[in-house]
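Peer 1: I have a structure here, written as structure tokens, and I will follow up with some questions on it.
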There are 2 protein chains.
Amino acid sequence: MNQTAFEILSIVVSVVAFLFAAWLLKWVNQQPSSNKKVAEVGKLIRDGAATFLKKEYTVLARFTAIVSLIILVLLPSPIWQGNILPNITMTISYIAGTVFSAIAGVIGIRVATVANVKSAEAAQKGIKPSFMTGFRGGAVMGMAVVGGSLLGVVLVLLITNNTTALLGFSFGASSLALFAKAGGGIFTKTADISADLVGKVELGIPEDDPRNPAVIADNVGDNVGDVAGMGADLFDSNVASMAAALVMAVALDKTTNSTINASMVFCYAALGLLASIIGVATAKIGKNGNPTKALNNSTYVTTAVYIVLTALSTLAFNFEWRVWGACIVGLLVGVIIGLATDYFTNDEKSPVRYVAKASNSGPAFTILSGMSYAMLSVFPALVGIAVAALAAFMLCAPLGDGYALFGISMSAVGMLSIVGMIISNDAYGPIVDNARGLVEMGDLGDEALRITDELDSAGNTVKAITKGFSIAAAGLTVIALLGAFISEVNTSALALGIPGLQGFDIMDPLVFFGLIVGSAVPVIFSAMLMLGVDRNAQRMVSEIHRQFKEIVGLKEGKPEARPEYEKCIEIATDGALKELIPAGLMAIITTVVVGLIGGVRAIGGFLTGNIVAGLVFALFMSNAGGLWDNAKKYVEAGNEGGKGSEAHKSAVVGDTVGDPFKDTAGPSINTQITVVSLVASLCSTLFLTCSLF
Amino acid sequence: MNQTAFEILSIVVSVVAFLFAAWLLKWVNQQPSSNKKVAEVGKLIRDGAATFLKKEYTVLARFTAIVSLIILVLLPSPIWQGNILPNITMTISYIAGTVFSAIAGVIGIRVATVANVKSAEAAQKGIKPSFMTGFRGGAVMGMAVVGGSLLGVVLVLLITNNTTALLGFSFGASSLALFAKAGGGIFTKTADISADLVGKVELGIPEDDPRNPAVIADNVGDNVGDVAGMGADLFDSNVASMAAALVMAVALDKTTNSTINASMVFCYAALGLLASIIGVATAKIGKNGNPTKALNNSTYVTTAVYIVLTALSTLAFNFEWRVWGACIVGLLVGVIIGLATDYFTNDEKSPVRYVAKASNSGPAFTILSGMSYAMLSVFPALVGIAVAALAAFMLCAPLGDGYALFGISMSAVGMLSIVGMIISNDAYGPIVDNARGLVEMGDLGDEALRITDELDSAGNTVKAITKGFSIAAAGLTVIALLGAFISEVNTSALALGIPGLQGFDIMDPLVFFGLIVGSAVPVIFSAMLMLGVDRNAQRMVSEIHRQFKEIVGLKEGKPEARPEYEKCIEIATDGALKELIPAGLMAIITTVVVGLIGGVRAIGGFLTGNIVAGLVFALFMSNAGGLWDNAKKYVEAGNEGGKGSEAHKSAVVGDTVGDPFKDTAGPSINTQITVVSLVASLCSTLFLTCSLF
């Protein structure tokens, strides 16, 4: 079989994934819903999410238009140098990247804001129907994201036959992810913090109380941050890993005049999607089953199916076993990193319990001990990434020049192979979280509340694991992108008749300069997002105060007094986009400035510094947030004095600090790194020809 | 003039510095002291510090004995390979490094624990005598540290005529710094946090209340952490920067058969010390003068004198102007970084005010906004370091092979040239901080309290600046050490007849592996130290509780009820050393493991990752701590509701979190990086011959 055959196979599997998603969607839609109050609140959430998406996509469309124009004029090389055709191809690929990712996001949000209502009502009948509704709702997103990313990559390569265009497609997906993940992250934490600050702290009304004007924004936030944002983030990582692998595979294939490496990339990617479909289809839970176990089991099924399928295909099509090994090493290291993350954030393990205990001495000790453990938690993940990269390299280096880096990119593909399953599990979280809120607002009874609490808690546990997993995957992907960058530079250099790059010597002052500056970027980026949340929350708090003051009877909960939920959604939306743009521009402009000062060598250092500091901070912040969240829940479950105790007050402070860590800054760093890596690759010709040094 | 002449010049200047220190010490001793109560408490502090030093040096002596044995057997090459002489030289140099630094520490602590009493009493007469006592007390330490480090380096090189022995001396200084800085850091924050937690929070008694059993330990902590620890840290950086520069200078001189580069290193270092002497000697304050201005003015005088003197010497001795330029760039960038640090930690600037304002919404917002600004604060410092390194490199590269890295090492020497002045300013801080406590405990009146408050506040402002400065200097120094590492590897490789290193390619999987693992080390190191403080504070809190329970009349303040201060000092001391050792061993063992797995290339990446992540975390943690400290003081000065307000409670939480950040973990990272760099250099032969890959 040749490359085209595997491309067609990928298209077929993508279409199967879409058909499966349609069936899941239909199944979710067929679940009963009758409660009027739940339906009403559900509609408010749905409309709020639609408002955010509409506004976000409007801003994004403008942004895309400007970037498209820049690409059209400048990339891959300025049009005044003669050839406009590659620029048109690149522009269209870029736009396609944003559109494909946006469509997946819309599908995910649509189904999540239906599934939440259905899952809430199903909770009256037991854990099984409620779980299945949440899980299958999440799986629609999983299938749409992975099907869409695979289909997009195949189509771009089939139509353009140009791997640089693939990077353009990937850059489109990244720009969207930047808006969806970082923008959504600011949105969700603005709403969450403001709702808690006025509702719980000032007025003492319960969480999810419908009197609180920010309560709908808070529920919308779960969807835009955790469903649309996370989906766009993993869409982006998945596309980037495939793009990086394909750039190198095609370059390798050219030298041997074959198509075997590119075929292997498509084959493995398609099998990953197939394995996820099987994992989702076979997921089940007993009548009184354990939802965490059910979620984890389907992940293990997917992993096992993937290993078997890829081994069989390697045997059948004579792929290199060494590359297969690299791919499987990536997958296994991903699972191990997930488990290590679990250790640091699970309330049955000692770190969470230590932090809960330390909370007795006051909030400063919650923060100090939580930060310390989160700092320790970066070690297993970083060592795992380092070992995976080293193992992949060592396995594949004997295959010849260029195979070592290709091996690393394949270990990223391997780690991301089960991403369809990961997204399904991840999107399950906000759906059941919403369902819990709806059960409370719709008064569906204590038993339903208990069930949705259990489902929600499983969602949180699994989320911590998948978060560690996706950061690690992004880490390997960007290492692969570094390889793609060199490949791009050398292609441009060859065309320009100037010397290319073999690597980046740390002792080269330009590389070192880039390295130091690059390491500052993710730190600044995170800080800007967190300050954005802070400022935006202040705006929303003022609005909530205004409503409680001006709307007669609201505080007392009179039925005719309806809070203006839309106002809060509007503030969260506008603020999120306003606060996001400077941070995104800072990252992109710094990249361009460093490239124009120090050329491609400085950029090599810059990307490396960015990856290193980015991974450290992403892991640190995500795990700190997860740890504090679970320490609070552990105390609320009645430990260390339970609710209302000194330890509880401290734990709440930890959780509030952790919120923007884990849902805004931490996971957005991935996207920032990918965006910067792709900007660097796309501008490689510019940096080669126009740098100061 | 040849190298020996400049070595003699350096010895002369060092001796002048010691004589000047002796004169300053005599002056301080001659200041009047009559108050019995102050003298009594002063003695308790002095004895407590002596207890700590004695115990620390006992443990250190054992540690040194073990390390000496390892060096004797293994370094620079195993004795079974034939030649024992270099190993003996190395061992003696190592021991000399610890001894020289220890002596400087003892001198510093001795004078600081006299000057605090004298400065307290002088405060009754006005700001001028009180300031001068504090400043001149601090200057004794400054002179002893810089005189001792310069003298040590000259003597080792004169006697052994071997630059590798210089690295052994530097490693000795680093081991001591690890104990003094990290151990002292754990000590001081254990005492500080425990004293506050039981005293201020539980019992509501004021700071520095003599009933509190931890109060003396707290005051001792200022001395062991900020005087002895900081002195050892800068002794270490200063020696390391000179050693790195000399390793390269001597290697360069060998190729041209001259001594000009080594002469220049000695000349510039000696002139730096001379400039500091002039700066200290001319420091003065008006009768109602501003102490911050006085401290800053003497820094500016030193800087200006240094620039003029080095320019004249360059003219007179025909040194390279380009190298002079690199040196001055380093110095100026150091000053700029200091000013940038000031912006983020000064209570007249917007970051501190923003954090103070955010504190109204609760402690979570103090933490979030403070962390965000601290994360932003790494940018100017990192860009400054990157620009200094790039500029030094570019300036010196045209001079020929090897000059570029030598230029970077000279910019580190330049940045550290005024270190005598920096230490004087830095040691001034804890002296006047102690004086403030003594004024309170000795009831010396409100006017004296106001004066010592003002002096203390100046100490805090200047401390933030000097901290940024010393982290930046350490950053440049370790870059230079990376150059020294290559130089060492190539010398060993030449002797072994195997190929050496030109640099470290990031795309080399071993380098990359080292890079990722190396970046985790400072993060883990910091976390271990912070958890150490946490655990140690718990022990001390139990002890304080026990004393209040068992000692009759203590809580009520009856005169016959005397707390057992020594018990608290003992706990702080034992705990500090116990908690420090695993962290130090982790860093050293990881280095050796990475070297044995991946060889010298992995170590190159490892050191780079260590530097990058280390600089980011050191800057972030130090600045966060400084910012929170000053935000609390700003609120206590009556802003945002003043003492007792909601904002104040939040600001106290921020300050407590910031304490181990800025006084334990943050500044210890410098030392960790230096230790690891030197271990790597010393083990270069081992890694060249015995690695797995």
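Peer 1: Every other copy gets compared here: list the nm distances from the B:E207 label point (7 Å along Cα to Cβ) to its counterparts, shortest first, one decimal.
Peer 2: Once sorted, the set of distances for B:E207 reads 3.7 nm.
Peer 1: Averaged over its residues, how many other protein chain Cβ atoms are within 10 Å of peptide A:518-529's Cβ atoms?
Peer 2: The per-residue average across the peptide is 6.
Peer 1: Order of A:W324, A:W23, B:W80 from fewest to most other C-beta atoms within 10 Å?
Peer 2: Lowest count first: B:W80, A:W23, A:W324.
Peer 1: When only C-alpha pairs under 8 Å and at least 6 residues apart count, what is the relative contact order of region A:3-690, in percent?
Peer 2: With pairs under 8 Å counted, the relative contact order is 21 percent.
Peer 1: Oh, and also: What residue among B:S175, B:N290, A:A458 has its Cα farthest toward the positive end of the dipole of the protein assembly as shown, where the charges are +1 on Lys, Arg and -1 on Asp, Glu, each on the Cβ?
Peer 2: Going by the charge dipole, the pick is B:S175.
Peer 1: Rounded to two decimals, what is Rg over Rh for the protein assembly as shown when you use alpha-carbon atoms and the Kirkwood radius?
Peer 2: Dividing the radius of gyration by the Kirkwood radius yields 0.98.
Peer 1: Additional query: With a cut-off of at most 12 other beta carbons within 10 Å, and DSSP calling the residue loop, which trypsin sites (Lys or Arg not before Pro) in region A:225-291 qualify? Please list them.
Peer 2: Those satisfying the criteria are A:K287.
Peer 1: Under the convention of a label 7 Å out along Cα→Cβ, give the distances in nm from A:E348 to the same position in every other copy, shortest first.
Peer 2: In nanometres, ordered from closest: 5.8.
Peer 1: Provide, for q = 0.10 Å⁻¹, the log10 of I(q)/I(0) from a solvent-free Debye sum over equal Cα point scatterers in region A:3-690.
Peer 2: Cα-only, vacuum Debye calculation for region A:3-690: -0.87.
Peer 1: Against the longest alpha carbon principal axis of chain A, how many degrees, from 0 to 90 and to the nearest 10, is the axis of helix A:666-682 turned?
Peer 2: In chain A, helix A:666-682 runs at an angle near 20 degrees to the longest axis.
Peer 1: Next question, about the same structure. Report, in debye and to the nearest 20, how large the dipole of region B:295-421 comes out about its Cα centre when Lys and Arg carry +1 and Asp and Glu carry -1 on their Cβ.
Peer 2: 240
Peer 1: Count charges around B:T299 for me, please; just the other residues with Cβ under 15 Å from its Cβ, Lys/Arg as +1, Asp/Glu as -1.
Peer 2: +2
Peer 1: Summarise the partner chain shielding of B:185-197 as one whole number: the mean count of Cβ atoms from other chains within 10 Å of each residue's Cβ.
Peer 2: 1
Peer 1: So what are the ³J(HN,Hα) numbers for region B:182-190, from phi and the Karplus equation (6.51, -1.76, 1.60; θ = phi - 60°), rounded to whole Hz, Gly and Pro as x?
Peer 2: 6, x, x, x, 5, 3, 5, 7, 4
Peer 1: How large is the charge dipole for chain B, taken about the Cα centre, if only the Cβ atoms of Lys, Arg (+1) and Asp, Glu (-1) carry charge, to the nearest 20 debye?
Peer 2: The dipole of chain B has a size of about 640 debye.
Peer 1: Please determine, in degrees from 0 to 90 and to the nearest 10, the orientation of helix A:36-74 with respect to the longest principal axis defined by the Cα atoms of chain A, where the helix direction is its Cα long axis.
Peer 2: It is inclined by approximately 20 degrees.
Peer 1: Distances in nm, one decimal, shortest first, from B:L496 to the same residue in every other copy, taking the label point 7 angstrom along Cα→Cβ.
Peer 2: With the label placed 7 Å along Cα→Cβ, B:L496 yields 3.9 nm.
Peer 1: Moving on. Give me a comma-separated list of calculated 3J(HN,Hα) values for region A:683-693, in order, Karplus coefficients 6.51, -1.76, 1.60 applied at θ = phi - 60°, integers in Hz, x for any Gly or Pro.
Peer 2: 8, 4, 5, 4, 5, 5, 9, 10, 7, 5, 9
Peer 1: While we're looking at this one, here's another question. Given H placed 1.01 Å from N in the peptide plane, which residues other than close sequence neighbours of A:L416 have an amide H under 5 Å from its amide H?
Peer 2: Placed amide hydrogens put nothing under 5 Å from A:L416.
Peer 1: Using the Cα gyration tensor of region B:514-640, with a ≥ b ≥ c the square roots of its eigenvalues, what is the shape: rounded (a/c below 1.5), prolate (a/b larger than b/c) or oblate (neither)?
Peer 2: Cα axes put region B:514-640 in the oblate bin.
Peer 1: DSSP loop (so not H, G, I, E, B), at most 14 other Cβ within 10 Å: list which trypsin sites (Lys or Arg not before Pro) in region B:619-661 pass both filters.
Peer 2: Taking region B:619-661 and a limit of 14 other Cβ atoms within 10 Å, the loop trypsin sites (Lys or Arg not before Pro) found are B:K643.
Peer 1: With an 8 Å Cα cut-off and a minimum separation of 6 or more residues, compute the relative contact order for region A:455-593 in percent.
Peer 2: Value for region A:455-593: 20 percent.
Peer 1: Give a residue-ordered list of calculated ³J(HN,Hα) values for region A:128-138 (Karplus: 6.51 cos²θ - 1.76 cosθ + 1.60, θ = phi - 60°; whole Hz; x for Gly, Pro).
Peer 2: Listing the rounded values in order: 5, x, 5, 4, 4, 5, x, 5, 5, x, x Hz.
Peer 1: Would you work out the charge dipole size for the protein assembly as shown about its Cα centre, treating the Cβ of every Lys and Arg as +1 and the Cβ of every Asp and Glu as -1, and quote it to the nearest 20 debye?
Peer 2: The dipole of the protein assembly as shown has a size of about 220 debye.
Peer 1: On a 0 to 90° scale, report how tilted helix A:565-636 is relative to the longest principal axis of chain A, with both axes built from alpha carbons and the result rounded to the nearest 10.
Peer 2: 20
Peer 1: At a 10 angstrom cut-off on C-beta neighbours, averaged per residue, how do the peptides A:501-511, B:403-413, A:555-565, B:44-54 rank from highest to lowest?
Peer 2: For the peptides A:501-511, B:403-413, A:555-565, B:44-54, the packing ranking is B:403-413, A:501-511, B:44-54, A:555-565.
Peer 1: Which listed residue (A:G557, A:A495, A:Q538) has the Cα farthest towards the positive end of the charge dipole for region A:482-591, taking +1 on Lys and Arg C-beta and -1 on Asp and Glu C-beta about the Cα centre?
Peer 2: Toward the positive end, the furthest listed residue is A:G557.
Peer 1: Which of A:V635, A:G325, A:T133 sits farthest toward the positive end of the charge dipole of region A:3-690, with +1 on the Cβ of Lys and Arg and -1 on the Cβ of Asp and Glu?
Peer 2: A:T133
Peer 1: Once every DSSP H run of n ≥ 4 in chain A is given -39500 (n - 2.57) and the sum is divided by its residues, what mean residue ellipticity at 222 nm do you get, rounded to the nearest 500 deg cm²/dmol?
Peer 2: -28500 deg cm²/dmol
Peer 1: Any idea what % of Cα-Cα pairs in region B:134-228 are farther than 20 Å?
Peer 2: 55
No lab work stands behind these numbers, since they all come straight from the coordinates. As the structure is a computational prediction, the values presented were derived from the model and not from experiment. Every residue, glycine as well, gets a Cβ built from its backbone with ideal geometry; the counts of neighbours run over all protein chains shown.
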